[in-house]
Structure formats: C-alpha cells, structure tokens
Amino acid sequence: METILINASDEDGIKTAAMALKNGKLVAFPTETVYGLGANALMPDAVKRIFEAKGRPSDNPLIVHISDITQLRDLVSDIPDIATRLMNAFWPGPLTLIFKKSARVPDVITAGLDTVAVRMPQNPVALKLISQSGVPVAAPSANLSGRPSPTSAHHVAEDLSGRVEYIIDGGSCSVGLESTVLDITGSVPVILRPGGVTAEMLKKVLGLRGVVTASEVKGEEKPRSPGMKYRHYSPKAEVILVSGDNSRVVDTINSLSSEQKNEGRIVGVLCSSENASLYKADVVIPVGSKDNPENIAAGLFEALRKFDDTKVDIIYSETFTEQGIGKAVMNRLKKAASGKIIEV
Ligand code: TXA
Ligand code: MG
C-alpha cells in the first residue's frame, strides 16, 4: 500500500483524508499529545485494521476521539455529573475519560469491556479532521506496538509507512506524552495512566472527592487499563535508570559506562541538557532542561527513538523531577526500563 503524506496546511488534503477516514481508511494525524492512528469508530472492519497495522494485541482497547460534545451522547450510556465538570475544565485537551459504553460502540474498540474511553483533542488539525469526517474516530498512538509513541510525522512514517493510507504532518506535538486516562465509572475517580492533566489539576476541579492512582487500588485481579500490562515505550537496548544526588548520579553512570565499554559494549546515556557534557559514553542524548518538566516531556519519546538509530547495547538514564507532568515522564521512563533503577 502506498502511504500518502499530507501537509496540515493543505485544506483539500485534509478534506480528502477526512472522507477516506469516514469510508474505512486509516489516517494518522497530529494531536497535542502524540500522533494518533485513526479509523471510523463506527466501522468495526476499519477499526480491526488499526490492530493489524500496529501489531497491537486485540485485548487492548482504543480511545474514541470526538470534536464536538454532542457526539458523546451516542457513545456512552450515562454522563455523570463529575464528567461534565471535568469536560468543562479540560476539554478540548489531554484528558481521556472512561464512561459506561452505549450499544453503538463496537466491541472491537473496547476489547469487550462495558466501558469506553473518550477524548476531545485540542490540536486544531485533529479537531478539523474529526469534524470534517463527521464520525467519532478511534485512535491509538500511531506507533508499532512496543515502540515509543510518535511525536512527529517522521516517527509515524518510520513505523507505519506502507501500512496506512494517509499521514497528516502537523509538526511536533506540544505535550509529547499521551493523555491522562481517568476512570470515572466507580465511586472514586481513578487515574489509570498519568499524563498532561496532572493529579493536582484534577483535584482542583474535583474538590474533596479527590482522585486516586491505579497503583493505590488494592485487591484488583486484572489491570483496569489493559494497556498498562504490556511492556511499552521501549528502545531496542536495555535501559537502566540511575537516581539520587546529581554528582553521584554522574559519577556512577560514568563508572558503569567504562565497565561496560571494557567488556566491549556500546553505551548510551539519556540525561538533562545541563549534564550532557559531563558524560563519557559512546552516545549521549540530552532530553531537555532539568528544571523544566514540560520540556523533558516534549523531548522524551524522540530521545528514546534516537537511541534506536544507534548501535548502543545499554542505556543509562538519569531520573527527573516528578513535579507536574514530571510524574508522567517518570511513568514512561520506568516502563522503558522495565522498572530497573539503581539508587545511589
Ligand atoms: O494521548 C493519547 O491518549 C493518544 C492520542 C492519539 O489521543 N492515544 C493513546 O492511545 O495513547 P493508546 O491506545 O496508545 O492508549 C490508550 C490507553 C491504553 O492504555 C488502553 O488500555 C486504555 O487507554 N483504555 C482504552 N479504553 C479503555 C477502557 N475502556 N478502560 C480502561 N482503559 C482503557
Ligand atoms: Mg500507545
């Protein structure tokens, strides 16, 4: 299949892609978080193609994207009060809400669950595409399963060229990490995946009712967000995090690097831009400024992808602040490292 690249400023191109989307084709498009791989959410056969193109396990459900609040009524069986408050505060934007689903939502989207994830993205190109298609759009991140999510059209093409009909190039994603996923179907709202809308921001709107994160929910047999059980965001090389006082972290990474080099391995380091010149590894990739979690979030997936273009065998990574979106940054980084952290 030939994949056609469309520039986001090409109005006719967007119209063509919107019609193709409506008619069952796959269209990758920019959002403020990461690029999405879209299909008409009301066409099960089109949605199935998303799983094939990505190599995604079919038990991992998809987020349905809308451009107008009126589209929500058809997709869900109930709009709780709390949803209205959250949507007023954060939509359009990087917050995905889990609702009880309506009969109209095909099972292939929800992997058979009785709930559905819905989000209204903020990116104007995404909103235009969805509204011109006239249908709700099912879209996971537009990467091959297990690769870091794409934050540019180039990343999408690397993974999905020849597997999808259209890629819309809207430049780099401003947030750079996927949306916060919040389950509002139970008595307490639960953050299933941290993202651009932080727990502090949610608490301000929810007041006393508060919010908990999924790891605090005890006694559950299966993860509520099926996607969280898969190894994710992984560069090809092994990733090990090193955490602690800054100068000790630098010293430790440098001595581990030289040990590895002596054994013939090629070593990479992922670090803050402030520390980049202090490392003696083969490949040093700065991800952003230490004091600026937004900056690190925006650069993280690109940095992880860059390591895949090198021949590194092992990557040592600094850890970063968990303030604000930093919590989501560290969530992704810990997954990339499969939880391996050296405390110094
Ligand atoms: O920012 C984003 O959310 C991006 C852009 C494209 O919108 N999309 C995205 O989709 O990250 P994906 O498929 O890569 O991640 C969706 C996450 C998965 O962890 C999935 O398991 C969870 O949302 N999810 C989807 N439907 C769910 C449901 N009904 N209940 C619980 N979790 C659900
Ligand atoms: Mg994904």
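Nothing in this text is a laboratory measurement; each read-out follows from the coordinates by a stated rule. None of these values were measured; they are calculated from a predicted model. Virtual Cβ from ideal backbone geometry, glycine too; neighbours counted across all protein chains shown.
Rounded to the nearest 10 degrees, the angle from helix 124-133 to the longest Cα principal axis of the chain is 30 degrees.
Modelled label positions at Asn88 and Asp107, each set 7 Å beyond Cα in the direction of Cβ, lie 3.9 nm from each other.
A straight Cα-to-Cα reach below 24 Å connects Lys327 with the lysines Lys203, Lys204, Lys218, Lys222, Lys229, Lys236, Lys290, Lys306, Lys335, Lys340, residues fewer than 8 places away in its own chain not being considered. Averaging Cα coordinates gives a centre for the range 249-277 and one for the range 133-189; these two points are 32 Å apart. The angle between the Cα long axis of helix 293-308 and the main principal axis of the chain comes to about 80°, on a 0 to 90 degree scale.
Model label points for Asp291 and Asp309, set 7 angstrom from Cα along the Cα-to-Cβ axis, are 3.0 nm apart. In this structure, Ser255 and Lys203 have a Cβ-Cβ separation that, at R0 = 45 Å, corresponds to a calculated FRET efficiency of about 0.60.
Using all pairs of distinct alpha-carbon atoms, the Kirkwood hydrodynamic radius of the range 1-91 works out to 15.2 angstrom. Across the range 1-75, C-alpha contacts under 8 Å between residues 6 or more apart give a mean separation that, scaled by the residue count, equals a relative contact order of 16 percent.
Take every DSSP beta bridge whose two residues both sit in the chain; close to 35 percent of them are antiparallel. Residues of the range 284-310 falling in the label zone of Ile342, defined by backbone nitrogen less than 17 Å from a point 7 Å along Cα to beta-carbon, are 284-285. Relative to the dominant Cα principal axis of the chain, helix 11-22 is inclined by about 70°. Each 10 Å bin from 0 upward holds the following percent of the Cα-Cα pairs of the range 135-207: 16, 39, 28, 16, 2. Pairs of lysines in the range 1-104 whose Cα atoms sit within less than 25 Å of one another amount to 13, provided the residues are eight or more positions apart or on different chains. Highest mean packing comes first when the peptides 248-254, 75-81 are listed by Cβ atoms within 10 Å, giving 248-254, 75-81. Counting Cα-Cα pairs of the range 268-327 in 5 Å increments starting at 0 gives whole-percent bin shares of 4, 20, 31, 24, 14, 6, 1. Computed over the chain, the per-residue total of -39500 (n - 2.57) for DSSP H runs of n ≥ 4 gives a 222 nm mean residue ellipticity of -9500 deg cm²/dmol, rounded to 500. Spin-label point model (7 Å from Cα, Cβ direction): what's the Ala276 to Met19 distance in nm? Using points 7 Å along Cα→Cβ, the separation is 4.5 nm.
When the alpha carbon gyration tensor of the chain is reduced to an equivalent ellipsoid, the three semi-axes, largest first, read 34, 24, 17 Å.
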